[in-house]
Amino acid sequence: MQLLASYLSGSWSPGSGAKATLVNPATEAPLADVHTSGHDLASAFAYARTSGIAELGALSFAQRGALLASLAKAIHGAREELLSLAVANGGNTRSDAKFDIDGGAMTLSYYAELGAKLGGSTLLADGEPIQVGRTARMGGQHVWARRRGVAVHINAFNFPGWGLCEKLACALLAGMPVISKPATATALVAHRMMELFAPLLPAGVLQLLVGPAGTLLDHLGTGDVVAFTGGSATARMLRGHARVIEHGVRLNLEADSLNAAVLGPDVDLGSETGGLFLADVVRDLTQKTGQKCTAIRRVLVPLGKEEAVAEAMRERLGGIAIGDPSRDDVRMGPLATGAQATDIKAGIARLAAATETVFGGTGEVTPLGVPAGKGFFVGPVVRATKDPMNCAPLNEHEVFGPCTTLGSYDGTAVFAAAFIAKGGGCLVSSAYSDERDWVSAFVGAAAPWAGRLYLGSAKMAAQSPGPGTALPSLLHGGPGRAGGGEELGGERGLHLYMQRTALEGDASVLKALLGG
Ligand code: NAP
């Protein structure tokens, strides 16, 4: 069986000690082993701090962008192979796998183009020059300069390709070397990407630790950054880690999120906006088996529309084939790991005790093309609550799988925004309405509780990717429960890896520093 090595200090390190086995979550067939320890992480950090920092310091934004373009090209060249690995190791249908792999390549290409636009400089301007002296000769200018440290990236199991690429794109373009750690259970895609990327990048710019983190965090120091995506318990541990506190390590956390979708009071289900709402809710239940951090977990519809929405969902979900995702006729695969299946079944049971069934019971399903008793399968589940605002299992626990819950409201923007807030801070929430006054009142009240608000309407319906797609040009992250982080968002995504410095001096010198 394949043994997945880590790529550290410029070579492949197999590790040593006990092994973990990566499996196909549809069949539980073993795919690869990984050693759980035995890597020289002190040397890996030293390599990044010397070679990686020096190599990137010699490159302008445009030159770093060209490196990103070469990585995107490498993904395109090995696309079919990467899609097959995502299907085998991630429980992805081919369409789910494209979301991860093509999304990764697209994000690299976006930041490659941004690098080309930023050109020959290594500093970013923050705002316009300002006069701070008696005359215009004495100026002030805020700039962003790269941080001198290592960016440690810890990724979740659900997007091994996109997660690697979206964090790498911003750090590399900003000028920081990266040590990336994919989630162990689904590391095959990230491992193959590292094999493709290693010959294309200067020494020390990207290293990959496959397997548990071990002592990774014990090597953090001043100037370093940790960008994490995963569960809130791990996020809490990171917040309190002694090295993070002692060295002021910058931390970006993307954690749990109870995203909501609200149907506006003006929307008829048969209209274009109503169709968009239903398509988005159903897509988020089934795409990647509901294992997207941005998926809709809570649905709010105006009083009197509950049954029509429930009926439309039953109709759409009834025809979805569930089973081995390598089959062409299967639309939804298994959960990514056995541990996730256990957690999700427990979450559904907690919800079931406080809600009524609309579709799918508690997720029992007989999957297509899978040996009896094998695979980590849960079918799509829709629950309903009569009191969405006070349903604690709904508003306090994220069920990270194919499960969503319907509730009704009085149609006011105030109630809708208060329901979004009840999730304690989310990555994204959506509202569907063609009434501009309602949308305006909703945005004003809901914005503090969401990193992104998706405003579904008839005018944008035909070109919408849905709220579940994180775009490189818009922020990804959210307040409160969602971790308080910010990634992507165009040039903003670079700021995590840069220090903002106020410069004051001769205005013409300041202008020249920024290439003016
Ligand atoms: P997790 O256990 O927090 O794992 C996330 C990453 O952290 C993995 O790479 C994991 O490595 C690593 N990790 C775990 N313990 C660590 C430690 N002590 N030090 C350093 N790294 C450590 O979360 P998960 O199992 O992937 O997902 C659990 C929950 O995360 C989900 O149920 C969902 O609520 C949430 N989630 C959120 C997002 C988002 O974008 N906001 C995305 C996915 C999941 P190993 O795999 O080697 O343990």
Being over 26 Å from the mean Cα position of the chain (by Cα) and surrounded by fewer than 21 Cβ atoms within 10 Å (Cβ to Cβ) narrows Asp343, Asp328 down to just Asp328
Expected single match for out of contact with any strand residue (DSSP E or B) (no Cβ under 7 Å at 6 or more places or on another chain), away from the ligand (no atom under 16 Å from the Cβ) and open to solvent by less than 60 Å² (accessible area, probe 1.4 Å) among Gly379, Gly338, Gly333 is Gly333
Glu311: passes all of (1) surrounded by 19 or more Cβ atoms within 10 Å (Cβ to Cβ); (2) more than 30 Å from Ser51 (Cα to Cα) but (1)
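Is one or more of the residues making up region 172-184 assigned to a helix (DSSP H, G or I) and either in contact with a Cys (Cβ under 9 Å, 6 or more places away or on another chain) or closer than 30 Å to Thr337 by Cβ (or both)?
yes
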Scanning region 56-69 residue by residue, those buried (at least 17 other Cβ atoms within 10 Å of the Cβ) and of a type outside the set (A, V, I, L, M) turn out to be Phe61, Arg64, Gly65
Apart from one, (1) at pLDDT 95 or above; (2) assigned to a loop (DSSP other than H, G, I, E, B); (3) open to solvent by 30 Å² or more (accessible area, probe 1.4 Å) all hold for Met389; the odd one out is (2)
Check: Has region 151-163 got any residue that is under 19 Å from Gly10 (Cα atoms), within 10 Å of the ligand (Cβ to nearest atom) and at pLDDT 95 or above?
Finding: yes
The condition of being closer than 13 Å to Gly379 by Cα, not aliphatic (A, V, I, L, M) and not assigned by TED's automatic domain parsing to the domain that holds Trp162 holds, among Pro334, Pro325, only for Pro334
Every listed condition ((1) more than 26 Å from the chain's Cα centre (by Cα); (2) in a strand (DSSP E or B)) holds for Tyr7 save (1)
Taking first residues from region 415-443 that are free of Cβ contacts under 8 Å to residues at least 24 places away in the same chain and second residues anywhere that are more than 16 Å from the ligand (Cβ to nearest atom) and of a type outside the set (Phe, Trp, Tyr), the pairs with Cβ under 7 Å that are 6 or more apart or on different chains are Val443/Leu453
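Residues checked against (1) more than 23 Å from Ala255 (Cβ to Cβ); (2) in contact with a Leu (Cβ under 9 Å, 6 or more places away or on another chain):
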residue: His397; (1), (2): no, yes
residue: Pro402; (1), (2): no, yes
residue: Leu406; (1), (2): yes, yes
residue: Ala418; (1), (2): no, no
residue: Gly423; (1), (2): no, yes
residue: Cys426; (1), (2): no, yes
residue: Ser429; (1), (2): no, yes
residue: Ala441; (1), (2): yes, no
residue: Ala446; (1), (2): no, yes
Residue set Ala48, Ala86, Ala72, Ala62; condition farther than 20 Å from Leu108 by Cα, under 27 Å from the mean Cα position of the chain (by Cα) and modelled with pLDDT of 95 or more; output residue Ala48
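The values are calculated or read from the model by the stated rules, or taken from the named source; none is laboratory data. Nothing here was measured: the structure is a model prediction, and the numbers come from that model. When we count neighbours, we look across all protein chains shown, and the Cβ atoms used for this are built from the backbone with ideal geometry, even at glycine. Side chains included, ligands, DNA and RNA excluded: accessible areas come from the protein's heavy atoms. Shrake-Rupley method; radii C 1.70, N 1.55, O 1.52, S 1.80 Å.
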